[in-house]
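What follows is a set of notes on a single structure, which appears directly below.
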Amino acid sequence: MVKSRPDRYGAIAVSTHWLSAILILALLGSGFRAAYAMDAAAKAGFLRFHIPVAIVVLILTALRIVWWWRFDQKPLPLDGSPRWQERIARAVHASFYIVILGMVASGIGLMVLSGAAPAVFGESGAVLPNFAEYPPRVPHGLGAFLIVGLLIFHAGAGLYHEFVRRDRLLRRMWYGG
């Protein structure tokens, strides 16, 4: 089942969701490690991982937006879900897209304004700049903390549905019949 049904998500939605989740966790880890690394070589190493993974997340996010907009429809809300929970869920999902796109934009801004690409990708003699000196650093850092908050809220809601309400919500976001 490639496309979603009224009662569950399809394989493309499931795959892009879980792959994005794993990669975003990797981005958070590498981004925070780079931000707090004292050694320029270590910082550059984290960024050599961070930047290509961010590009993949951008592609997956664009794919998800186009997929929902043009090709698929999300399953119906669970029976018995309060309307306020449905609204919050939609707001959290929209916030994820907005913050992810903002993070990519601010990351690109950091790379362009700082000229860090040669130092990050190993050009001899290139020096890694102090990213704190560039304006996109503030929204990029703020976005990272917003993503952490959204992830905690999103995962908490999923676990609440699975283990407190026992409505099998998580099963809808996995493969199978």
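For this structure, a couple of remarks:
- Beta carbons closer than 7 Å, at least 6 apart along the sequence or on distinct chains, pair a first residue in region 107-120 that is at pLDDT 95 or above with a second that is among the basic types (Lys, Arg) for LEU110/ARG137.
- The residues of region 6-34 that are modelled with pLDDT under 95 and either in contact with a His (Cβ under 7 Å, 6 or more places away or on another chain) or not charged (D, E, K, R) (or both) amount to a single one, PRO6.
- Within region 81-125, the set of residues being more than 23 Å from the chain's Cα centre (by Cα) and either among the basic types (Lys, Arg) or at positive phi (or both) comprises ARG83, GLY115, GLY122, GLY125.
- Once region 130-143 is narrowed to residues that are surrounded by fewer than 17 Cβ atoms within 10 Å (Cβ to Cβ) and among the hydrophobic types (A, V, I, L, M, F, W, C), the residue that is modelled with the lowest pLDDT is ALA132.
- Flag if HIS161 is over 17 Å from ALA44 (Cα atoms), at pLDDT below 95 and in a helix (DSSP H, G or I): yes
- Residue that is nearest to ILE108 (Cα to Cα), among those in region 64-76 that are free of Cβ contacts under 8 Å to residues at least 60 places away in the same chain, surrounded by fewer than 15 Cβ atoms within 10 Å (Cβ to Cβ) and of a type outside the set (Lys, Arg): ILE65
- Of all the numbered requirements in (1) part of a helix (DSSP H, G or I); (2) out of contact with any Asp or Glu (no Cβ under 8 Å at 6 or more places or on another chain), ILE12 misses one, and that requirement is (2).
- Scope region 106-129; condition part of a helix (DSSP H, G or I) and surrounded by 15 or more Cβ atoms within 10 Å (Cβ to Cβ); matching residues: SER106, GLY107, ILE108, GLY109, LEU110, MET111, LEU113, SER114, ALA119, VAL120
- Positions within region 130-173 being aromatic (Phe, Trp, Tyr) and under 18 Å from the mean Cα position of the chain (by Cα), in sequence order: PHE145, PHE153
- Selection from region 1-53 of residues that are in contact (Cβ under 8 Å) with a residue 40 or more places away in the chain and touching a Ser or Thr at 6+ places or on another chain (Cβ under 8 Å): GLY10, ALA13, SER20, LEU47
- For LEU146, the conditions (1) exposed (fewer than 15 other Cβ atoms within 10 Å of the Cβ); (2) over 19 Å from LEU47 (Cα atoms) all hold with the exception of (1).
- Lone unmet requirement of (1) assigned to a helix (DSSP H, G or I); (2) in contact with a Lys or Arg (Cβ under 7 Å, 6 or more places away or on another chain); (3) not basic (Lys, Arg) for VAL56: (2)
The values are calculated or read from the model by the stated rules, or taken from the named source; none is laboratory data. The structure displayed is predicted, hence computed values, not measured ones. Glycine also receives a Cβ, built like all others from the backbone with ideal geometry; neighbour counts cover every protein chain displayed.
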